[in-house]
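Take a look at the structure set out below.
The values are calculated or read from the model by the stated rules, or taken from the named source; none is laboratory data. This one's a predicted model, so the numbers in the text were calculated from it and none came from an experiment. Every residue, glycine among them, receives a Cβ derived from its backbone with ideal geometry; neighbour counts consider all protein chains shown. Side chains are part of the model used for accessible areas, which takes the heavy atoms of the whole protein and leaves out ligands, DNA and RNA. Shrake-Rupley method; radii C 1.70, N 1.55, O 1.52, S 1.80 Å.
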Amino acid sequence: MKAITSSSKVRSKKTPAFNVQAFLDSAGVARKVVEYRRSEKIYSQGESATNVLYIQKGGIKLSVVNEVGKEAVVAMLGPGDFFGEGGMAGQLVRMGTATAITPATLLVIEKQEMIRVLHSEHAFSDRFVAYMLSRNIRIEQDLVDQLFNSSEKRLARTLLLLARYGQQDQPQKMVAKISQETLAEMIGTTRSRVNFFMNKFRKLGFIKYNGGLHIDASLLSVVLHE
């Protein structure tokens with residue numbers, strides 16, 4: 001009986017499981033929580049890639065500028081998303097610019113700390129890898145969207161993604177303020193076309209303006225319609 005009791009005590013002293021969310025909500029020597037104002041840059045294209053960022057609150061726009069100064073929006077991110085991970089894959093400088101589109105709270109994880117946790121904590125590693133795989137799928141879907149779908153469908157899909165439709169049990173009813181110029185850049189069309197389709201969506205009840213842009217799940221019908 002004593003041996004069994006002793007063994008039981010040993011099992012009760014096992015190291016607690018790694019809490020992924022606690023890590024992502026924490027700050028420390030090699031990671032810190034930083035708040036950004038709307039329209040404030042988190043980092044700029046060409047800067048050193050020294051950390052990975054995790055969005056706790058708010059929205060982030062990722063964009064790139066070509067040699068002649070033309071800007072293209074490549075992604076809109078929200079709570080639960082990672083970005084700036086290029087440095088983990090050998091990038092020395094940022095390939096684009098990250099800008100807060102709403103007041104945002106970010107966990108900034110230094111590169112070496114990120115490497116340490118990925119190697120030592122399987123729960124965190126699993127979550128990060130799953131996120132990167134899902135983002136690769138999203139990039140492929142974006143490419144197919146650009147190649148084969150009309151600008152109306154691309155706009156509808158982009159609005160649903162901004163509302164994080166399908167990514168959580170309760171999609172956002174209102175999305176962060178975003179200009180029609182930015183939407184046009186994201187879907188590869190003109191502002192006038194975006195304005196035309198936004199008015200059409202509003203008349204059909206798919207979206208509405210009431211203290212912000214509200215997206216109804218019925219907008220999905222535009223994406224699914226052949």
Could you give each residue of the range 130-142 its phi-based ³J(HN,Hα) in whole Hz, using Karplus coefficients 6.51, -1.76, 1.60 with θ = phi - 60°, and x for Gly or Pro?
4, 5, 5, 5, 5, 6, 4, 4, 4, 5, 4, 5, 4
When you count, for each residue, the other Cβ atoms within 10 Å and take the mean per peptide, how do 32-38, 70-76, 150-156 rank with the highest first?
150-156, 70-76, 32-38
The chain - convex hull of the alpha-carbon atoms, volume per residue in Å³
172 Å³
Plugging the Kirkwood radius over Cα pairs into Stokes-Einstein for the range 131-226, at a temperature of 37 °C and a viscosity of 0.692 mPa s, what D comes out in µm²/s?
239 µm²/s
For the range 84-101, just list the computed ³J(HN,Hα) in residue order, Karplus coefficients 6.51, -1.76 and 1.60, θ = phi - 60°, integers in Hz, with x standing in for Gly and Pro.
x, 7, x, x, 6, 9, x, 5, 8, 10, 5, 7, x, 10, 10, 10, 6, 9
Over the chain, with neighbouring protein chains present, the accessible area per residue in Å² at probe 1.4 Å is 60 Å²
Name the long-range amide H neighbours of V74: under 5 Å, sequence gap of 5 or more, or other chain; modelled H, no Pro or chain starts.
L62, S63, V64
Step through the residues of the range 52-61 one at a time and calculate ³J(HN,Hα) from phi using the Karplus curve (6.51 cos²θ - 1.76 cosθ + 1.60, θ = phi - 60°), rounding each to whole Hz and writing x for Gly and Pro.
10, 10, 10, 8, 8, 9, x, x, 10, 10
Counting only protein heavy atoms and using a 1.4 Å probe, what share of the accessible area of the chain belongs to carbon plus sulfur, as a whole percent?
55 percent
Where in the range 179-205 does the amide nitrogen come within less than 19 Å of the point 7 Å from the Cα of V74, taken along Cα to Cβ?
182-189
Bin width 10 Å, origin at 0, all Cα-Cα pairs of the range 26-88: what percent of pairs per bin?
17, 53, 26, 4, 0
